[in-house]
Each structure stands twice: as C-alpha cells, then as structure tokens.
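Undergrad: One structure, as structure tokens, below. Some questions next.
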Amino acid sequence: MSNAHHDATPPAWAEGLLRFVVRRDHRDSISGDLLEEYRERILPSRGAASADRWYVRQMVGYLWRATWVWAVVFAAAALLRDALDRFDPPQSYYLRSLVTTWVAIALFASAGFFGARRTRSFVGGVLAGCVMGLIAAVITVTASTVMLAIAHDPATMDAIARGGGLDETFILPFVIVVPGTVFATIAAAFGRLSTLGWRLDSI
Amino acid sequence: MADTLGTFEQAVLLAILRLGDDAYGRAIMTDVRERLDREVAAGAVHATLERLEQKRLVHSKLEAGTPIRGGRARRYYRLQPAGARALENARHAVNALWRGIPRRLLEGMS
C-alpha cells in the first residue's frame, strides 16, 4: 500500500456525520474500522471517487439503521391520513389534523429523544429526528404518487383539492421536517440529559 | 431459554471465535465477508456486535489504534460463556434439522 493511501481521508462531512450517528463510546472504534477499510482495501482497489462513494454509502447505512423504524411509522401514519382524506373525506378536517399533528410531534420527539439516548449525543438526537422526517417524506411522497397514479378519478381529485390540494401531498411532508426538527431538538436535549445523571460537565 | 441466533449473528460470533485475540471490528467484518462470500455493510456488523454485547454474548474492550486508522482505538471482542452456549445450541438445531436426510436425496436436484 502506498503512503498516499495511508494518508488519504474520506469526505470530512461524511466522517463528521458518522460520528454523531453512532454511540459516543463507539465513535473512535467504528470510525477507525471504516477508515482502515477505506485506506487498506477500498481505495487501492477502486480509486478515490469510488472509495468516497463507498464511505458515504456506509455512513448512510448507519443513518438508515438509526432512523428507519421511526420513519416507516411516520410515513404509515401520513399515508393513512392521506388515504382517509382521499377516499373518505370528512365534513371537517379539524379532528384528523389534530391527531396527525400530535402523532407527528410524538414521532419527531421520540426519534430525537431515543436518538440522543442511544448515541449519548445531543446532536445525534437532532440528526435522528431530521433524517427520520426526510426519509418519511420520501416514502410518503413516493407512495402518494403511486396512489395518485392508481386513483385519479374526478371524485378523488375533488377530495384532494378540498383536503389542501396536491401541495399538501407533495410539499408538506418536506416542509414539516423543519418544525419537526425543532421538536426533535427539544426532545434530544432531554434524551441527552437523561443519560447524564449528575455528570452535566460532559454535555 | 437460550438466545436464538440468526445466520448473521452466527457468522459474527464464529468470526470472533476464529480470530481469537485479533477479533476487532474490521477484522470481524473481513472474516464475515469472506465466509459469506459477499459484501457486508460495516453498519450491519457493528449493529450486530452491539446487539450481541447487549445480550451479553460477547464482551468488548478498547485498545490502542494504529496509524492506518488515524490512531483511533480498536474495539476487541471476546466470546462470553453465554455466546459459546448460544453457538452450540445453533449448531445442535441445524444438525437436528439435517438428521435423517441422506445426501442422495439432494443429489441430482441441484
């Protein structure tokens, strides 16, 4: 192995994110394992660009494992609401909106709280909430598109229009990530505090 | 009741057993990849190690890193008695499934 490979480094942003996704007490060992694999096997056999992509894929894998359960539950709740609004439109959307909002807040907060507890990192919790929302948004929009492709008769389109229109279907899932991350941030602070006990110096 | 191990968990535990004193994260990853003959995600190996440690089937300790890994510590894993028992149980379960199946039944089918 050449010295060039010995000194090579993966994308700094990916390394930085990785360190917030894994448990605090495993940060060094896990990022060290990845760096060793990157320098000793991946880089010499695949070249710099491909090795960087490999590293990013590994990092995304850690992010996915940390958040997919919350994301799937969130997406399922959003899709259930979407399907109900399309196929069983109510007189008033107030109750459904109330339930959906609180479910969303609870899921963002849970992802943030448990993300911070698992990683023992405040930033790890915030990241878990934000990524959970983004993954859920992608799943929701994809599934909504499929539903729209299957059912787009005038009655369904009218129900969609009365429920907020296509903006609500395709833009809201991404917009909601912003306030959702605020709730995740608050919950992450509590999650981190819950792991500290009296050792407030290590926050 | 003893823990029931999945195939990947068995692969990781067997890698730890095989590597002995050299069983740290990346070495385990390499061993599992070679034995399963496919690429394995680092996250899958680390998540499995974390789970096995939570189940107290393995124990880990940190040791000094090397320059190739930027000096970052290596986490070495060692099989615990409960881990050895779980592996034995897994082997017995597979052997029991195969008992009474003569090799000739499979010949000519694959």
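The values are calculated or read from the model by the stated rules, or taken from the named source; none is laboratory data. Model, not experiment: these values are computed from the prediction. Cβ: placed from backbone, ideal geometry, glycine included. Neighbour counts: every protein chain shown.
Undergrad: Could you grab me the full set of residues in the range A:150-176 that are in a helix (DSSP H, G or I), at pLDDT 85 or above and either of a type in the set (Ser, Thr, Tyr) or under 13 Å from A:Ala78 (Cα atoms) (or both)?
TA: Selection gives A:Phe170, A:Leu172, A:Pro173, A:Phe174.
Undergrad: Here's something else I'd like to know. Could you please give the count of residues in the range A:138-149 that are free of Cβ contacts under 8 Å to residues at least 60 places away in the same chain and under 12 Å from A:Val72 (Cα atoms)?
TA: Number satisfying all stated conditions: 1.
Undergrad: Looking at the range A:35-64, I want the residues that are under 18 Å from B:Glu34 (Cα atoms) and have a partner that is of a type in the set (Phe, Trp, Tyr) and assigned to a helix (DSSP H, G or I) with Cβ atoms under 6 Å, at least 6 apart or on another chain. Which pairs are those?
TA: Every condition considered, the pairs that remain are A:Tyr38/A:Tyr55; A:Ile42/A:Trp54.
Undergrad: Answer yes or no as to whether B:Ala41 is over 18 Å from B:Asp22 (Cα atoms), at pLDDT 95 or above and touching a Gly at 6+ places or on another chain (Cβ under 9 Å).
TA: yes
Undergrad: Quick one: which helices (runs of 4 or more DSSP H) sit completely within the range B:1-100 and have at least 1 residues that are under 11 Å from the mean Cα position of the chain (by Cα), among the charged types (D, E, K, R) and away from chain A (no Cβ under 14 Å)?
TA: Ranges flagged: B:7-19, B:25-36.
Undergrad: Yes or no: A:Ser92 within 14 Å of another protein chain (Cβ to nearest Cβ), more than 26 Å from A:Thr145 (Cβ to Cβ) and not aliphatic (A, V, I, L, M)?
TA: no
Undergrad: Select from the range A:16-30 the residues that are free of Cβ contacts under 8 Å to residues at least 40 places away in the same chain and closer than 15 Å to A:Val123 by Cβ and write down the one among them that is surrounded by the fewest Cβ atoms within 10 Å (Cβ to Cβ).
TA: Checking each candidate, the answer is A:Gly16.
Undergrad: When you go through A:Ile42, A:Ile30 one by one, which is the residue that is of a type in the set (A, V, I, L, M, F, W, C) and within 27 Å of A:Ala116 (Cα to Cα)?
TA: Exactly one residue qualifies, and that residue is A:Ile30.
Undergrad: Got a number for residues in the range B:62-85 being touching a helix residue (DSSP H, G or I) at 6+ places or on another chain (Cβ under 7 Å), among the aliphatic types (A, V, I, L, M) and farther than 30 Å from A:Asp7 by Cβ?
TA: Of the residues in that region, 1 qualify.
Undergrad: Let me ask another. What are the residues in the range A:150-163 that are without any contact (Cβ under 8 Å) to a residue 12 or more places away in the chain and exposed (fewer than 14 other Cβ atoms within 10 Å of the Cβ), if any?
TA: Once the filter is applied, which keeps residues that are without any contact (Cβ under 8 Å) to a residue 12 or more places away in the chain and exposed (fewer than 14 other Cβ atoms within 10 Å of the Cβ), the range A:150-163 yields A:Ile150, A:His152, A:Asp153, A:Pro154, A:Ala155, A:Asp158, A:Ala161.
Undergrad: Another question about this same structure. Would you mention how many residues in the range A:52-86 are within 14 Å of the chain's Cα centre (by Cα) and surrounded by fewer than 19 Cβ atoms within 10 Å (Cβ to Cβ)?
TA: Selection size over the range A:52-86: 8.
Undergrad: So B:Leu105 ticks every box in (1) under 12 Å from the mean Cα position of the chain (by Cα); (2) modelled with pLDDT under 95 but one. Which box is left unticked?
TA: Just one mismatch for B:Leu105, condition (1).
Undergrad: Additional query: I need every pair where a residue in the range B:1-22 that is at pLDDT below 90 has its Cβ under 7 Å from the Cβ of a residue that is assigned to a helix (DSSP H, G or I), sequence separation at least 6 or different chains.
TA: Pairs that qualify, where the first residue is at pLDDT below 90 and the partner is assigned to a helix (DSSP H, G or I), are B:Ala2/B:Arg85; B:Ala2/B:Ala86; B:Ala2/B:Asn89; B:Asp3/B:Ala86.
Undergrad: Just to confirm my filter: which helices (runs of 4 or more DSSP H) fall fully inside the range A:19-89 and include at least 3 residues that are more than 11 Å from chain B (Cβ to nearest Cβ) and farther than 26 Å from A:Arg192 by Cα?
TA: Hits in the range A:19-89: A:43-46, A:48-87.
Undergrad: Just checking, does the range A:122-141 include any residue being within 30 Å of A:Phe87 (Cβ to Cβ), of a type in the set (A, V, I, L, M) and surrounded by fewer than 15 Cβ atoms within 10 Å (Cβ to Cβ)?
TA: Yes, the conditions are met somewhere in the range A:122-141.
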